[in-house]
Amino acid sequence: MNNKNDSTISVGGQAVIEGVMMRRENDFAISVRKPNGEIATSRLDFTSYFRKAPKLKVAILRGSVALVEAMAVGVKAISLSAAQSTEGEVEITKKDMTVAMVFAVIFAVGLFFVLPTLLTRLVDAYIGSTILYNLIEGAIRILIMIGYICAISNLKDVRRIFQYHGAEHKVINSYEDGKVPTMENVKQNSTLHLRCGTNFLLIVMVVSIFVFAFLGRPPLYLRIISRILVIPLVAGISYEIIRFSGRHYKNKILRILMYPGLLLQKLTTREPSEDQIEVALAAFNKVMTDETA
């Protein structure tokens with residue numbers, strides 16, 4: 001890594017099994033704590049969709065593309081981390097991860113979009129205003145999301161992933177504050193970050209209220225289908241919002257508007273140990289080298 005900290009370069013990341021994946025533009029790196037205590041660090045072999053097809057960078061469209069890409073990179077990172085963290089005892093094939101990803105998408109759509117629509121339908125006859133109807137549906141959607149996060153946060157393995165999530169944020173925050181990410185500098189930083197996926201999820205829930213309001217109140221089956229069909233649009237708008245907030249993260253007004261998302265991150269991040277920060281630093285230093293992936 002260069003000594004000069006060029007924090008104009010956007011860096012993101014993701015917690016994986018006993019490790020952290022870091023991303024810079026088209027470069028990806030992953031570090032995992034092995035059972036023997038060593039840190040395995042490597043680059044991920046992945047070419048960004050935007051590098052393959054630059055025309056996909058059109059506003060709104062790029063949000064859906066970025067989401068699909070993040071899922072694809074995440075699948076590879078989790079598969080690699082599972083193998084390294086167990087020294088090959090657990091092998092997750094590409095087919096296994098593809099099936100798991102498809103199931104996860106179906107589960108998420110069903111839980112966060114279809115179920116709230118079905119539940120709100122129960123009070124449909126008592127609500128005359130379409131605006132109020134969509135607000136109630138949106139509130140139910142947000143409550144389901146918060147309840148789901150609270151439920152999984154009690155799982156031991158998930159808590160460790162949330163700690164690595166916190167370590168990832170601490171390292172990136174240190175970098176974006178203009179400091180060289182060292183153990184001492186990183187430990188002083190927050191586990192919360194404006195560009196976090198948790199923040200993105202909350203923005204999706206809020207944006208969906210406004211977008212769904214334009215769909216009116218058609219019959220139930222059309223209501224469900226229409227909501228599913230406009231998910232890419234909702235994701236695209238949400239991506240533009242999170243992207244803008246990431247570029248202006250020091251703006252006090254913007255941080256106030258994004259504060260609910262930061263609060264929600266208190267559920268999906270935990271204070272990491274020094275060992276976990278060390279793993280996140282290894283991934284960060286690898287992706288920030290001058291080598292190309």
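The values are calculated or read from the model by the stated rules, or taken from the named source; none is laboratory data. Just so you know, these numbers come straight off a predicted model, no measurement behind them. Counting neighbours? That spans all protein chains shown, and the Cβs are built from the backbone with ideal geometry, glycine included.
Give the stretch 250-262 a look and list any residue that's under 16 Å from Ser238 (Cα atoms) and in a loop (DSSP other than H, G, I, E, B), or say none.
Met258, the sole residue that qualifies.
What's the total number of residues in the stretch 197-233 that are crowded, with 21+ Cβ neighbours inside 10 Å, over 24 Å from Gly13 (Cβ atoms) and under 20 Å from the mean Cα position of the chain (by Cα)?
1
What do you reckon, is Asp124 acidic (Asp, Glu), out of contact with any Leu (no Cβ under 8 Å at 6 or more places or on another chain) and more than 23 Å from Ala77 (Cβ to Cβ)?
Working: acidic (Asp, Glu): yes; out of contact with any Leu (no Cβ under 8 Å at 6 or more places or on another chain): yes; more than 23 Å from Ala77 (Cβ to Cβ): yes.
Here the answer is yes, as Asp124 does meet what is asked.
Kindly evaluate Val114 against the criterion of being in a helix (DSSP H, G or I), touching a residue at least 60 places away in the same chain (Cβ under 8 Å) and more than 18 Å from the chain's Cα centre (by Cα). Lay out the reasoning, then the answer.
Details: in a helix (DSSP H, G or I): yes; touching a residue at least 60 places away in the same chain (Cβ under 8 Å): yes; more than 18 Å from the chain's Cα centre (by Cα): yes.
Yes, satisfied.
Which residue out of Arg24, Arg43 is surrounded by 13 or more Cβ atoms within 10 Å (Cβ to Cβ), modelled with pLDDT under 90 and over 24 Å from Ser238 (Cβ atoms)? Before you say what the answer is, go through the steps one by one.
Numbers: Arg24 fails: over 24 Å from Ser238 (Cβ atoms).
Being surrounded by 13 or more Cβ atoms within 10 Å (Cβ to Cβ), modelled with pLDDT under 90 and over 24 Å from Ser238 (Cβ atoms) holds for just one of Arg24, Arg43, which is Arg43.
Okay, residues lined up against (1) touching a residue at least 60 places away in the same chain (Cβ under 8 Å); (2) assigned to a helix (DSSP H, G or I):
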| site | (1), (2) |
| --- | --- |
| Ser174 | no, yes |
| Gly178 | yes, no |
| Glu184 | no, yes |
| Asn189 | no, no |
| His193 | yes, no |
| Val204 | no, yes |
| Val207 | no, yes |
| Phe212 | yes, yes |
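Whether any residue in the stretch 222-244 is in contact with a strand residue (DSSP E or B) (Cβ under 7 Å, 6 or more places away or on another chain) and in contact (Cβ under 8 Å) with a residue 12 or more places away in the chain is what I want to check. Give the steps one after another, and end with the answer.
As a first pass, look at the stretch 222-244 and keep what is in contact with a strand residue (DSSP E or B) (Cβ under 7 Å, 6 or more places away or on another chain): none.
Checking the stretch 222-244: not a single residue is in contact with a strand residue (DSSP E or B) (Cβ under 7 Å, 6 or more places away or on another chain) and in contact (Cβ under 8 Å) with a residue 12 or more places away in the chain.
Working only within the stretch 54-85, note down all residues that are touching an Asp or Glu at 6+ places or on another chain (Cβ under 9 Å), surrounded by fewer than 16 Cβ atoms within 10 Å (Cβ to Cβ) and without any contact (Cβ under 8 Å) to a residue 12 or more places away in the chain.
Filtering the stretch 54-85 down to residues touching an Asp or Glu at 6+ places or on another chain (Cβ under 9 Å) leaves 59-60, 62-63, 76, 79, 81-85.
Keeping just the survivors that are surrounded by fewer than 16 Cβ atoms within 10 Å (Cβ to Cβ) gives 59-60.
Residues satisfying the conditions do not exist here.
Please work out if Ser245 is closer than 20 Å to Phe112 by Cα and either among the charged types (D, E, K, R) or in contact with a Leu (Cβ under 6 Å, 6 or more places away or on another chain) (or both). Reasoning before the result, please.
On the way: closer than 20 Å to Phe112 by Cα: no; either among the charged types (D, E, K, R) or in contact with a Leu (Cβ under 6 Å, 6 or more places away or on another chain) (or both): yes.
Considered against the rule, which asks whether it is closer than 20 Å to Phe112 by Cα and either among the charged types (D, E, K, R) or in contact with a Leu (Cβ under 6 Å, 6 or more places away or on another chain) (or both), Ser245 comes out as no.
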